[in-house]
Amino acid sequence: MNRPRNKKESSLLHELMELELLEEGEFVDIPEMENEDLIEVNSMSIIVRCLNPTVHKVGGLVKALPPIWGLEESVTGRGIDENKVQFFFQQERDLQFVLNKGPWFVNGWIVSMEKWSPNPGPEFLCRIPFWIRVRGIPVHLLKKQAVDSLLGPLGKVEKVELHAKNSSSVEYIRALVWINTEEPLQFRRIARFKSGEIVPPELESEKLIKVCFTCKRLT
């Protein structure tokens, strides 16, 4: 049974790290073992990362998110480190619902999440899909290429809708962009067209409730 780490232990470890008194550690050879059973169990789970640890505690997320998803009877969670929670699902459709209907918020602050992987890449839990509304591009310049160029530096542009949801207005256009959680959000960019026209479109992230007013980060 794992013994919970208390504040004194955590503080001592951090002090040793800051003083560079921790050694690299010795290599230990682990004998070959079968872990297909663990991979199968974990494949029906997602990992959630606390982006703002001052308001998101691991224990709080374990309790808060299943009711937000409407899955409190069928999803279980556990903390796996200081800022990550793992949630297990019984049905693949519920897992996909949670992944596709995001982003999700707790106490107004966003969390990042991805399906569990035994070998996550460097961008794991560092990207969040946001629908961004772009206002201010003149109708004679309203092409997908312009939107891709405008928003591409913010993250991967997955989809562009050149009409508002009701399809009878071009007050704004929408684009689904995978935003980098480590970078400040941008709310205005300046588009410079080959024709010489310069336009300062406004960017509004749908569902966004809170952001740091000092650094404009989600963290």
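Miscellaneous remarks
- The chain: angle of helix 58-69 to the longest principal axis, Cα-based, in degrees nearest 10: 50
- Take the Cβ atoms of Leu13 and Val41, set R0 to 25 Å, and the FRET efficiency comes out at 0.25.
- Computed from phi, the 3J(HN,Hα) profile of segment 208-216 under the Karplus parametrisation 6.51, -1.76, 1.60 (θ = phi - 60°) reads 5, 10, 10, 8, 5, 6, 8, 10, 6 Hz, with x in place of Gly and Pro.
- Cut-off 9 Å between beta-carbons: net charge of the residues surrounding Pro200, Lys and Arg +1, Asp and Glu -1: +1
- Pairwise label distance in nanometres, Ile190 with Glu161, each label 7 Å out on the Cα-Cβ vector: 3.1
- Ordering of 66-74, 176-184, 34-42 by burial proxy (mean other Cβ atoms within 10 Å per residue, highest first): 176-184, 66-74, 34-42
- Note on the chain: dipole from Cβ charges, positive end direction compared against Leu125, Gly152, Val170; the farthest Cα belongs to Val170.
- Spin-label model distance (nm) - Ser74 vs Met33, 7 Å beyond Cα toward Cβ: 3.3
- Put simply, the amide H of Lys156, placed in the peptide plane, has neighbours under 5 Å in Trp178, leaving out anything fewer than 5 places away on its chain.
- Dipole magnitude (debye, nearest 20) for segment 30-69, charges at Cβ of Lys, Arg, Asp, Glu: 620
- Averaged over its residues, segment 77-219 has an accessible area of 59 Å² per residue, based on protein heavy atoms and a 1.4 Å probe.
- Accessible surface of the chain, 1.4 Å probe: 53 percent of it comes from carbon and sulfur atoms.
- Cut-off 14 Å between beta-carbons: net charge of the residues surrounding Gly102, Lys and Arg +1, Asp and Glu -1: +1
- With both labels modelled 7 Å from their Cα along Cα-to-Cβ, the Glu24 to Ile198 distance reads 5.3 nm.
- Assigned charges on the beta-carbon of Lys, Arg, Asp, Glu; the chain dipole about Cα centre (debye): 1720
- Filter on Lys143/Lys210; Lys63/Lys156; Lys63/Lys207; Lys144/Lys210 - keep pairs with C-alpha separation over 25 Å: Lys143/Lys210; Lys63/Lys156; Lys144/Lys210
- Acute angle (nearest 10 degrees) that the helix 7-18 long axis makes with the longest principal axis of the chain, alpha-carbon atoms: 70
- Computed [θ] at 222 nm, deg cm²/dmol, the chain (DSSP H ≥ 4; -39,500 (n - 2.57); rounded to nearest 500): -6500 deg cm²/dmol
The values are calculated or read from the model by the stated rules, or taken from the named source; none is laboratory data. If you're wondering where the values come from, they're calculated on a predicted model, not measured in any experiment. With ideal geometry, Cβ positions are generated from the backbone for all residues, glycine too; neighbour counts draw on all protein chains shown. With ligands, DNA and RNA removed, areas are computed over all heavy atoms of the protein, side chains included. Shrake-Rupley method; radii C 1.70, N 1.55, O 1.52, S 1.80 Å.
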